[in-house]
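Step one of this worksheet: look at the structure below.
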Amino acid sequence: MDASLAVRARGIAKYFGEVVALDGVDLDVAQGRIHGLVGPNGAGKTTLLGLLLGLAVADSGELEILGVPVGRTVAAVDGVAGFVDGPGLYPSLTARQNLAALAALRGSGGRPAGTEEALAEVGLGEVADDRVRGFSLGMRQRLGLAAALLTRPRLLVLDEPANGLDPAGKRDVHGVLDRLAADGTAVVLSSHRMDDVEALCSEVTILATGRIVFSGPPAKLAAESRELDYRLVTSDPAAARRLAAGTDGVRLVEGGAARYGDAVVVVRAAVPALDELVANVVRSGVAVRELAPLVSPLESAFLALTESQEAVR
């Protein structure tokens, strides 16, 4: 296995009776990278995460984690931590007691001395002595991340880590994951939130009906996507509309002003045509104050790829 890879999967298949959860999945996850796993419900994301955590085994194919070939026996590889379907916590214990109990269960793999640091890192230091039964979903997610940090993992696997997070919690979790990746830890996370995937992940894999329909950098996915709708805010909306109507490859979207206000021009274009429009607007002496897709390129490509896969099925 390439030493730079934390995960190498080839031809992974997993069945539950007659249900095909994973169908010939190939996956490479590099050390020091955050790899996003996205797909509609039932695409196979949780099944794949479970294989990485040693909670299940593949029916066929080859899987290597941190250089260790994974066989046909359920077993976790040393150096791997995380959770699927939410972290397992003791509701009657406090946050601090939960981490101490989990560290004790892991034996030498846990580091009780790092409990306070882990709680502070995920923004739970001030509620360390509160019982978990009173925690919100987002707080439980952060505590699950703190529990994973105790093992100082080389591969961190997280299922919807942004679930229920408020803006402060999201900032804390993003900061933790960025620091882990910078220190060489590989992170694999599933998410339905495209903004989180775009903000965090250097690589993304899209699953649909158990098959990979795309794997690579988000920028590549965006470049390969179809035309998008953009909102354009300028110092002169009337002039922007005239310029948009006169730019090849750009179409004005009817009803945009009614939905977003007269100051907003909504256009549909691919990136090259959009670049030409912006250049035309600036050359005309009109200031561009905002330009943003109504739906992110990643989300648009995700919908196109998964919908086409469902149609084939």
- Query: Taking Ser225, is it polar (S, T, N, Q) and at pLDDT 85 or above?
  - Reply: no
- Among the residues of segment 173-191, the number that are surrounded by fewer than 19 Cβ atoms within 10 Å (Cβ to Cβ) and not in a helix (DSSP H, G or I) is 2
- Query: Which one is nearest to Ala146 (Cα to Cα) among residues in segment 90-118 that are modelled with pLDDT of 90 or more and exposed (fewer than 13 other Cβ atoms within 10 Å of the Cβ)?
  - Reply: Pro91
- Task: Out of the residues in segment 192-217 that are in contact with a helix residue (DSSP H, G or I) (Cβ under 7 Å, 6 or more places away or on another chain) and not in a strand (DSSP E or B), state the one that is surrounded by the fewest Cβ atoms within 10 Å (Cβ to Cβ).
- Result: Ala199
- Message: I need every pair where a residue in segment 21-48 that is at negative phi has its Cβ under 6 Å from the Cβ of a residue that is surrounded by 23 or more Cβ atoms within 10 Å (Cβ to Cβ) and charged (D, E, K, R), sequence separation at least 6 or different chains.
- Response: Leu37/Lys45
- Task: Kindly indicate which of Val204, Val233 is in contact with a Pro (Cβ under 7 Å, 6 or more places away or on another chain), within 21 Å of Val271 (Cβ to Cβ) and not polar (S, T, N, Q).
- Result: Val204
- Over segment 1-10, the set of residues free of Cβ contacts under 8 Å to residues at least 60 places away in the same chain and part of a loop (DSSP other than H, G, I, E, B) is Asp2, Ser4
- Task: Identify, by number, the condition in (1) among the hydrophobic types (A, V, I, L, M, F, W, C); (2) modelled with pLDDT under 95; (3) in a strand (DSSP E or B) that Ala13 doesn't meet.
- Result: (2)
- Query: Name the residues in segment 25-80 that are under 21 Å from Leu221 (Cα atoms) and assigned to a strand (DSSP E or B), would you?
  - Reply: Val25, Asp26, Leu27, Asp28, Val29, Ala30, Ile34, His35, Gly36, Leu37, Val38
- Answer residue from segment 34-48, given it is under 21 Å from Val74 (Cα atoms) and in contact with a Leu (Cβ under 7 Å, 6 or more places away or on another chain) and is surrounded by the most Cβ atoms within 10 Å (Cβ to Cβ) among those: Leu48
- Task: Return the pairs, sorted by first residue and then second, in which the second residue is part of a helix (DSSP H, G or I), the first residue lies in segment 124-141 and is free of Cβ contacts under 8 Å to residues at least 12 places away in the same chain, the beta carbons are less than 8 Å apart, and the residues are 6+ apart or on different chains.
- Result: Gly125/Glu116; Gly125/Leu119
- Message: Can you tell me how many residues within segment 62-72 are without any contact (Cβ under 8 Å) to a residue 60 or more places away in the chain and buried (at least 17 other Cβ atoms within 10 Å of the Cβ)?
- Response: 2
- Being at pLDDT 90 or above and either outside the structural domain of Ala43 (by TED's automatic domain parsing) or assigned to a helix (DSSP H, G or I) (or both) is the filter here, so list the residues in segment 150-172 that pass it. none
- Is it true that Leu145 is surrounded by 20 or more Cβ atoms within 10 Å (Cβ to Cβ), within 24 Å of Gly175 (Cα to Cα) and not basic (Lys, Arg)? yes
- Report, by residue number, each residue of segment 9-33 that is surrounded by fewer than 19 Cβ atoms within 10 Å (Cβ to Cβ), under 22 Å from the mean Cα position of the chain (by Cα) and either more than 21 Å from Thr185 (Cα to Cα) or not polar (S, T, N, Q) (or both). Arg10, Asp23, Gly24, Asp26, Asp28, Ala30, Gly32
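The values are calculated or read from the model by the stated rules, or taken from the named source; none is laboratory data. The shown structure was predicted, so the numbers you read here are calculated from the model rather than taken from an experiment. Here Cβ is always computed from backbone atoms with ideal geometry, including for glycine, and neighbour counts include all displayed protein chains.
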